[in-house]
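Q: What follows is a single structure, and I will ask about it in a moment.
No lab work stands behind these numbers, since they all come straight from the coordinates. Worth saying up front: this structure is predicted, and the values here are computed from it rather than measured. Here the Cβ is made from the backbone with ideal geometry for all residues, glycine too, and neighbour counts use every protein chain on show.
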Amino acid sequence: MAVSSLSKTQELLDRQKKVLLPQQSRMLLYGDEPLAIDHAKNQWVWDVEGNKYLDFFGGILTVSIGHCNDEVVEATYEQMKTAGHTSTLYINEITIKVAEKIAEISPGRLQYCFFTNSGTEADETAIMAAREYTGHSDIISLRHAYSGRSVSMMTMTAHKPWRLGGVTDPSIKQVKNPYSYRKPDYMTDEQFLDFLIDDLEEMLATCTNGKIAAFMAEPIQGVGGFVVAPKDYFKRVQPVIKAAGGIMIIDEVQTGWGRTGKYWCGIEHWGIEPEILTFAKGIANGAPVGCTVMVPEVAEAIKGPTLSTYGGNPISMAQTYATLAYIEKHKLWENAEKQGERLRKRMEAMQKRYDFIGDVRGMGLMQAFEMVVPDGNKTPDAAQATKLTNAARAHKLLIGKGGLYGNVIRIAPHLNVTSEDIDAGCDLIEKALADIA
Ligand SMILES: Cc1ncc(COP(=O)(O)O)c(C=O)c1O
């Protein structure tokens with residue numbers, strides 16, 4: 001779908017190119033052609049040319065309960081009329097209410113929150129807390145992780161294109177990620193799990209002094225292409241980390257608050273209790289909120305002053321509270337499980353018909369196709385993934401792309417998606433697949 005040179009999109013792109021970082025216009029366009037959004041409501045997005053799209057990506061898993069959700073809009077407006085900014089200098093009740101809710105619904109002993117403005121800052125806060133608590137500095141993360149765009153979080157991020165500026169923090173080290181689809185063919189699932197744990201132990205024995213601050217991972221690697229850790233993975237990792245004096249930090253920026261179905265938090269599927277969880281994106285339906293929640297002994301270890309001018313801002317807290325209240329009122333973790341199964345069944349049926357869909361994976365409303373060249377070698381096919389994104393757009397459906405090789409299609413409808421919308425979206429994906437086959 002070429003953008004006409006006279007279109008409003010082209011006019012905006014020309015203006016953007018003059019004032020926003022050139023890389024934003026070169027690299028981060030949606031599919032092959034730019035898409036300029038005019039407005040959005042619930043599951044629908046309209047571009048500036050008047051096209052209406054069904055949104056199955058929610059602004060990168062961030063608009064969790066629909067665009068401009070009425071209850072969130074109302075809560076935002078009410079708070080804006082009441083108190084717009086206070087800073088961490090003062091006490092404000094809405095921030096306490098959100099923290100009380102998070103302490104109530106987070107698993108295990110997680111209790112103390114620190115609010116910031118992004119996932120990057122939530123993850124930064126987590127590693128700062130782990131270092132303060134343990135007195136150690138080394139952090140272990142996973143290859144194919146994405147943790148954000150500060151210098152430390154780019155070091156945590158194990159995707160070459162996202163590591164800008166020559167990141168050099170030697171205390172951050174990555175081990176092999178639990179990417180079961182790409183495990184060596186000669187290994188069983190059990191052997192692969194043993195191999196991952198051996199790799200972790202060898203990393204600790206060879207690249208650290210044996211004492212670490214933390215292990216940090218996403219339960220399902222989001223930007224990494226919805227790579228789902230095997231069922232026993234975190235149970236096997238946790239004792240190894242504990243023996244090295246470290247704690248577990250789980251990054252729930254994409255998996256949090258019902259997204260994976262059945263539970264509030266993704267890690268609950270793996271049955272471990274981490275010392276720290278981090279959140280952003282879907283926690284506030286699009287408001288800039290990061291949250292780091294910790295168990296008491298870790299929180300107590302932070303003795304020095306730390307503040308965030310906008311963290312816990314009453315307006316974004318009102319948005320967070322309204323989002324969590326909406327998810328709770330409608331038990332959306334149940335809907336995510338039910339609609340996720342419906343979506344998954346359709347995607348598996350599609351995989352049977354197209355040999356370039358190498359893998360279907362995910363949990364709840366976080367499902368992916370991995371596109372490969374059908375050569376028997378699982379060769380990643382990024383071009384085919386881009387074609388599918390373009391074809392879906394032509395059929396007025398928005399989906400996402402990801403994965404280290406750029407060959408994973410990420411599908412993540414809003415948590416309040418209906419069966420009708422799942423069916424309609426899947427019909428559009430089928431049409432797009434037929435177009436590119
Ligand atoms: C798992 C994960 N952690 C952290 C981040 C960073 O969040 P932000 O872009 O809000 O800084 C992201 C962003 O995509 C993410 O997916």
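Q: Quick one: putting +1 on the C-beta of Lys and Arg, -1 on the C-beta of Asp and Glu, what dipole do you get for the chain around its Cα centre, in Debye to the nearest 20?
A: 600 debye
Q: Once the dipole of the chain is set up with Lys and Arg at +1 and Asp and Glu at -1 on Cβ about the Cα centre, which of ILE91, ILE105, ILE272 lies farthest towards its positive end?
A: ILE91
Q: How long is the gain from THR418 to HIS85 if the chain were fully straight, where each residue apart is worth 0.36 nm and the alpha carbon distance is subtracted?
A: Result: 116.2 nm gained on full extension.
Q: Another question about this same structure. Restricting attention to the alpha-carbon atoms of the stretch 70-329, what are Rg (one decimal) and Dmax (integer), both in Å?
A: Calculated on Cα positions, Rg and Dmax stand at 18.3, 63 Å.
Q: Kindly flag which residue pairs out of LYS101/LYS331; LYS8/LYS431; LYS160/LYS231 have an alpha-carbon separation exceeding 23 Å in this structure.
A: Too far apart for the 23 Å limit: LYS8/LYS431; LYS160/LYS231.
Q: Which whole-Hz ³J(HN,Hα) couplings does the stretch 222-227 yield from phi under the Karplus relation 6.51 cos²θ - 1.76 cosθ + 1.60, θ = phi - 60°, glycine and proline marked x?
A: In residue order, the calculated couplings are x, 4, x, x, 6, 7 Hz.
Q: Please list, in order along the stretch 11-20, the HN-Hα scalar couplings obtained from phi with the Karplus expression 6.51 cos²θ - 1.76 cosθ + 1.60 (θ = phi - 60°), rounded to whole Hz, x for Gly and Pro.
A: Per-residue couplings from phi come out as 4, 5, 4, 4, 5, 4, 4, 7, 10, 9 Hz.
Q: Between ASP70 and TYR310, what is 0.36 nm times their sequence separation minus the Cα-Cα distance? Round to one decimal in nm.
A: Additional length available on full extension: 84.0 nm.
Q: Show me, for the stretch 65-78, the HN-Hα J-couplings you get by feeding each phi into the Karplus relation (A = 6.51, B = -1.76, C = 1.60, θ = phi - 60°), rounded to Hz, glycine and proline as x.
A: Taking θ as phi minus 60°, the curve returns 10, x, 5, 6, 3, 3, 5, 6, 4, 4, 5, 5, 4, 4 Hz for the stretch 65-78.
Q: What percent does the relative contact order of the chain come to when contacts are Cα pairs within less than 8 Å and at least six residues apart?
A: 21 percent
Q: Here is a further query. So in the chain, what percent of DSSP beta bridges are antiparallel if you round to the nearest 5?
A: 70 percent
Q: Still on this structure: Compute, for the stretch 70-329, the length of the dipole vector about the Cα centre, with Cβ point charges of +1 (Lys, Arg) and -1 (Asp, Glu) only. Units Debye, rounded to 20.
A: 400 debye
Q: What trypsin sites (Lys or Arg not before Pro) does the stretch 36-137 have in DSSP loop regions with at most 15 other beta carbons within 10 Å?
A: ARG109
Q: Quickly work out the GLU93-to-ARG236 label distance, labels modelled 7 Å from Cα along the C-beta direction, and quote it in nm with one decimal.
A: The two pseudo-label positions are separated by 5.1 nm.
Q: Distance check, please: which entries in LYS176/LYS378; LYS262/LYS396; LYS345/LYS396; LYS352/LYS387; LYS176/LYS281 exceed 24 angstrom between their Cα atoms?
A: LYS262/LYS396; LYS176/LYS281
Q: Also, quick follow-up: Which percentage, to the nearest 5, of the DSSP beta bridges contained in the stretch 70-329 is antiparallel?
A: 45 percent
Q: Let me ask something else about it. As a footprinting exposure proxy, order ILE172, ILE65 by other Cβ within 10 Å, with the fewest listed first.
A: Least to most surrounded, the residues fall as ILE172, ILE65.
Q: Report D for the stretch 78-137 in µm² per second (integer): Stokes-Einstein, Kirkwood Rh on Cα pairs, 4 °C, 1.567 mPa s.
A: In µm²/s, the coefficient rounds to 95.
Q: What is the percent of Cα-Cα separations in the stretch 208-260 that go past 12 Å?
A: The answer is 67 percent, as a whole percent.
Q: Taking 1 over the mean of 1/r across every pair of different Cα atoms in the chain, what Kirkwood radius in Å do you get?
A: Computed over the chain, the radius equals 22.4 Å.
Q: For LYS52 and GLU297 in one chain, what is 0.36 nm times their gap in residues minus the Cα-Cα distance, to one decimal in nm?
A: Between LYS52 and GLU297, full extension yields 83.2 nm more.
Q: Rank these for me by crowding, TRP270, TRP44, TRP257, going from fewest to most other beta carbons within 10 Å.
A: Ascending Cβ contact count within 10 Å gives the list TRP44, TRP270, TRP257.
Q: Evaluate the distance, in nm, between pseudo-label points positioned 7 Å from the Cα of GLU273 and of ASP189 along their respective Cα→Cβ axes.
A: Result: 2.7 nm between the two label points.
Q: Now a separate question. Only counting other Cβ atoms within 10 Å, I'd like THR389, THR155, THR168 sorted with the fewest neighbours first.
A: By the 10 Å Cβ count, ascending, the order reads THR168, THR155, THR389.
Q: Which three extents, in angstrom, do the Cα atoms of the stretch 1-108 have along their principal axes, listed largest first?
A: 52, 32, 30
Q: Trypsin sites (Lys or Arg not before Pro), restricted to the stretch 186-264: which are DSSP loop and have at most 13 other Cβ atoms within 10 Å?
A: When the trypsin sites (Lys or Arg not before Pro) of the stretch 186-264 are filtered for loop state and at most 13 Cβ neighbours within 10 Å, LYS231 remain.
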